[in-house]
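Read-outs: derived from the displayed coordinates by stated rules, not from any lab. As the structure is a prediction and not an experimental result, all values here were calculated from the model. Glycine also receives a Cβ, built like all others from the backbone with ideal geometry; neighbour counts cover every protein chain displayed.
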Ligand code: ZN
């Protein structure tokens, strides 16, 4: 088994109160969990991948959500508490799934990664759809339950069930 840690959308606009699409107070709870996972992962020599929303100013996603994470703005930056290190990989994305229209898959395959451990937000949106694509592509998926969250608690719980029961992800409790 060769694992990569995938940190999903821990950017200023979602993490900070007052950010364009603040995910809520649970962001403060998952932050230290993700810090620990990153330290563990780097210590184990795993690849650490950061996925980050990076939208065009008129991105189609803004028909559904308020504008956020616009390319080149502070809101689109990964929070400094989780700053990527030199050997980490940062992959910008414009859709929910980190695989859609990005080079995430070839980046993982080049490193012979077969297992993804996901942390970040939101459980029911970018985490769920990235996990779904990962499963379709044949990766094993692990979700750190205390390291994922959503602005919508009910949707968070539904997504965890979907991840486990339908996608076959392993929920690490
Ligand atoms: Zn977005």
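Calculated [222 nm] ellipticity per residue, helices only, for the chain: -8500 deg cm²/dmol; basis is -39500 (n - 2.57) per DSSP H run with n ≥ 4, divided by all residues, nearest 500.
Distance from the C-alpha centroid of region 34-81 to that of region 105-173: 16 Å, rounded to the whole angstrom.
Computed extension gain for residue 136 through residue 16, at 0.36 nm per residue and net of the alpha carbon distance, reaches 39.9 nm.
Considering the chain as a Gaussian network with a 10 Å cut-off on Cα pairs, which listed residue, 43, 19, 101, attains the greatest mean-square fluctuation? Between 43, 19, 101, it is 43 that shows the largest mean-square fluctuation. Taking label points 7 Å from Cα along the Cα-to-Cβ direction, residue 100 and residue 58 give a separation of 2.0 nm.
Computed from the alpha carbon positions, the gyration tensor of the chain leads to an equivalent ellipsoid with semi-axes of 22, 18, 17 Å, biggest first. Stretched out straight at 0.36 nm per residue, the stretch from residue 166 to residue 77 would grow longer than its current Cα-Cα span by 28.8 nm. Where both bridge residues fall in the chain, DSSP classifies roughly 5% of the beta bridges as antiparallel.
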